[in-house]
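Scroll down for the structure; my scribbles are underneath it.
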Amino acid sequence: MRNTVLYSLLFFLCLGFWGCSSPQPQYRIGVSQCLDDAWRQKMNYEMERELLLHPDMVLSRRIAYGSNELQCAQIDSFIAERVDLLIVSPNEAEAVKPAVTRAYRAGIPVIVADRRVTGDEWTAFIGGDNYKVGSLMAQWITSQLSSLGRRLGGVVVLEVAGLPGSTPATLRHQGLMDGLPEGVEVHSVMGSWYREEAYKVVSEYLATQPLPDLIVAHNDLMAIGAAEALQNYQFSIPIMGVDGINPGLQAIVDGKINCSATYSSRGDMVIATASQILHGEPFVRDTVLETILVDAKAAYPMLKQDEDITRDLETLHLVQTQTESKWRQMQFDRIVLSVFVAVFFVLFVATLSYIIARQFKLQTEIKQDILPQLENMQEAIQLSRRDEAFADRLKQIVNEHLSDPNLNVEYLGSKLQLSRTQLFRRVKAVAGKGPLDYIREQRLIRADQLLHTTDMTIQQVALELCFSSAGYFTKCYKEYFGHLPSER
Ligand code: FRU
């Protein structure tokens with residue numbers, strides 16, 4: 001019975017917890033982000049929004065904060081956790097490649113996003129056209145110089161580069177160099193993608209070098225950092241950044257920097273591709289996203305659009321948070337209900353089992369102990385009834401023939417229709433003695449009555465009751481009553 005209770009308890013608890021769980025996402029996706037700036041946050045939001053269309057996937061995001069070692073360790077932990085797919089935006093191509101390769105070789109599909117890794121051990125790539133970004137920078141520089149009426153010879157451009165080991169920095173530089181007309185000198189400083197770093201290196205540059213004619217930064221954050229460094233000088237220098245989202249757009253609208261090149265993050269496309277890979281559907285292996293120039297005219301409407309998107313994303317976040325909180329409440333209620341149902345069921349099963357077990361026990365006891373006793377008693381009653389009737393009849397026959405010398409065992413047997421043996425057994429059973437002793441006892445009792453109630457002598461009484469002699473009667477009388485008949 002204890003097992004029944006235990007199993008039913010387990011069954012109900014499982015049922016309860018099963019009922020409590022949300023529709024379990026089938027696929028766990030590890031996202032390894034190299035940084036956590038505005039551009040990455042936009043990408044994350046885009047992923048989350050797209051994820052609403054793919055409820056069978058769940059993201060687990062880790063940020064490396066610009067550290068190759070941390071990023072490799074985080075990727076390795078995703079491998080150990082056996083995620084179903086990995087999305088990596090590598091900090092630096094060569095340094096992060098070993099971890100990406102390990103994941104790929106462990107059979108985990110890998111989508112490389114934005115920055116590439118070297119080699120081709122990855123499943124899909126989605127990212128911007130960084131070489132084109134560099135070319136756009138070169139085009140912008142050329143157009144600026146001609147609009148300023150400057151000759152190309154002796155023109156100096158200050159390039160604020162991203163982290164050198166990352167493919168966008170390499171390709172943007174390449175595109176820039178390839179696209180520039182001869183005679184333009186490019187000085188490069190490394191801002192490593194950070195606004196503060198760009199401020200520092202540009203300040204250092206400006207402190208030791210003549211002012212450059214133009215500044216191109218590999219992203220808007222560094223362009224803003226460069227503009228802030230320039231504030232200490234009276235000249236204004238045209239500055240171009242890259243990304244074309246906030247805070248870059250705002251900086252263009254405010255006139256802090258001049259333009260930017262769009263650099264799409266397309267987190268939505270990354271998630272859609274992940275879904276295609278996981279469901280075995282066809283997907284594009286290498287997607288290179290378009291880039292366009294954002295000048296002061298384009299920046300304002302884009303800024304408005306960007307603000308709308310940000311608002312949408314905030315609403316999305318709010319809805320998600322509210323849904324999660326409601327979901328948690330529902331889960332709690334269901335757990336309470338499940339526990340209640342489980343306890344109720346266990347009590348019900350326990351009571352039922354107890355009652356059934358008791359019924360069985362009582363029935364068995366009745367069958368084994370009480371019924372036989374009852375039967376014995378009934379039998380005994382019937383026997384004693386039969387015996388009583390027999391005793392009455394015996395007594396009656398014997399008493400009617402006390403003076404009859406023919407009253408003996410044969411006579412009694414024929415009267416009671418019993419054989420000698422049966423007669424002996426039954427007379428013994430009811431009277432405790434054999435038939436002859438019984439007859440003699442009855443004659444002695446009658447003799448005693450006669451001696452007490454009549455004037456008959458001992459001789460007469462002995463004769464009347466068929467004793468062979470008065471002496472024999474006296475002997476029997478003494479044996480039975482313990483005194484002589486004359487002593488009465
Ligand atoms: C964001 C960022 C962008 C840049 C890209 C290059 O982390 O620095 O500003 O365009 O990464 O990978």
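Of all residues being assigned to a loop (DSSP other than H, G, I, E, B) and away from the ligand (no atom under 16 Å from the Cβ) in region 90-121, which is most open to solvent (accessible area, probe 1.4 Å)? Just the residue, please.
Taking the candidates together, the pick is Asp120.
Just checking, how many residues over region 381-402 are free of Cβ contacts under 8 Å to residues at least 40 places away in the same chain and either under 28 Å from Phe473 (Cβ atoms) or touching a strand residue (DSSP E or B) at 6+ places or on another chain (Cβ under 6 Å) (or both)?
Selection size over region 381-402: 6.
State which residue is farthest from the ligand (Cβ to nearest atom) when the search covers only region 179-211 and only residues that are part of a loop (DSSP other than H, G, I, E, B) and surrounded by 14 or more Cβ atoms within 10 Å (Cβ to Cβ).
Taking the candidates together, the pick is Leu211.
Check region 126-138 and report whether any residue there is of a type in the set (D, E, K, R), open to solvent by less than 70 Å² (accessible area, probe 1.4 Å), part of a helix (DSSP H, G or I) and away from the ligand (no atom under 12 Å from the Cβ).
Within region 126-138, one or more residues are of a type in the set (D, E, K, R), open to solvent by less than 70 Å² (accessible area, probe 1.4 Å), part of a helix (DSSP H, G or I) and away from the ligand (no atom under 12 Å from the Cβ).
What pairs can you find where one residue is in region 162-178 and assigned by TED's automatic domain parsing to the domain that holds Gly225, the other is part of a loop (DSSP other than H, G, I, E, B) and among the aromatic types (Phe, Trp, Tyr), and their Cβ atoms are less than 6 Å apart, with a gap of 6+ or different chains?
Sorted first by the residue in region 162-178, then by its partner, the pairs are Gly162/Trp193; Leu163/Trp193.
Within region 34-53, is even one residue more than 16 Å from the ligand (Cβ to nearest atom), modelled with pLDDT of 95 or more and more than 21 Å from Gly162 (Cβ to Cβ)? Before the answer, list the steps.
Within region 34-53, the subset more than 16 Å from the ligand (Cβ to nearest atom) is 48-53.
Narrowing further to those that are modelled with pLDDT of 95 or more: none.
Scanning region 34-53 turns up no residue that is more than 16 Å from the ligand (Cβ to nearest atom), modelled with pLDDT of 95 or more and more than 21 Å from Gly162 (Cβ to Cβ).
Test each condition in (1) within 25 Å of Leu289 (Cβ to Cβ); (2) within 16 Å of the ligand (Cβ to nearest atom) for Ala227 and report the one that comes out false.
(1)
Read through the list (1) in contact (Cβ under 8 Å) with a residue 12 or more places away in the chain; (2) within 19 Å of Asp114 (Cβ to Cβ); (3) not in a loop (DSSP other than H, G, I, E, B); (4) not acidic (Asp, Glu), then give the number of the only condition that Leu70 fails.
If we test Leu70 against (1) in contact (Cβ under 8 Å) with a residue 12 or more places away in the chain; (2) within 19 Å of Asp114 (Cβ to Cβ); (3) not in a loop (DSSP other than H, G, I, E, B); (4) not acidic (Asp, Glu), just (1) comes out false.
Which residue, of Leu176, Leu214, Leu158, is farther than 30 Å from Val117 by Cβ, touching a helix residue (DSSP H, G or I) at 6+ places or on another chain (Cβ under 9 Å), open to solvent by less than 30 Å² (accessible area, probe 1.4 Å) and not small (Gly, Ala, Ser)?
Within the list Leu176, Leu214, Leu158, the selection yields Leu214.
Hey, does region 311-327 have a residue that's small (Gly, Ala, Ser) and surrounded by 11 or more Cβ atoms within 10 Å (Cβ to Cβ)?
Taking region 311-327 and keeping what is small (Gly, Ala, Ser), we get 325.
Right, trim to surrounded by 11 or more Cβ atoms within 10 Å (Cβ to Cβ) and you get none.
Looking through region 311-327, none of the residues is small (Gly, Ala, Ser) and surrounded by 11 or more Cβ atoms within 10 Å (Cβ to Cβ).
Being closer than 12 Å to Ile257 by Cβ, of a type outside the set (Val, Ile, Thr) and out of contact with any Ser or Thr (no Cβ under 6 Å at 6 or more places or on another chain) narrows it down to one of Ala217, Ala207, so name that one.
Details: Ala207 fails: closer than 12 Å to Ile257 by Cβ.
Testing whether each residue is closer than 12 Å to Ile257 by Cβ, of a type outside the set (Val, Ile, Thr) and out of contact with any Ser or Thr (no Cβ under 6 Å at 6 or more places or on another chain) leaves just Ala217.
Considering only region 37-58, state which residues are open to solvent by 40 Å² or more (accessible area, probe 1.4 Å) and over 21 Å from Asp308 (Cα atoms).
Scanning region 37-58 gives Pro55, Val58.
The values are calculated or read from the model by the stated rules, or taken from the named source; none is laboratory data. Source: prediction; values computed, not measured. Positions of Cβ are backbone-derived with ideal geometry, glycine not excepted, and every protein chain shown enters the neighbour counts. Remember, those area values only see protein heavy atoms, side chains included, never the ligands or the DNA or RNA. Shrake-Rupley method; radii C 1.70, N 1.55, O 1.52, S 1.80 Å.
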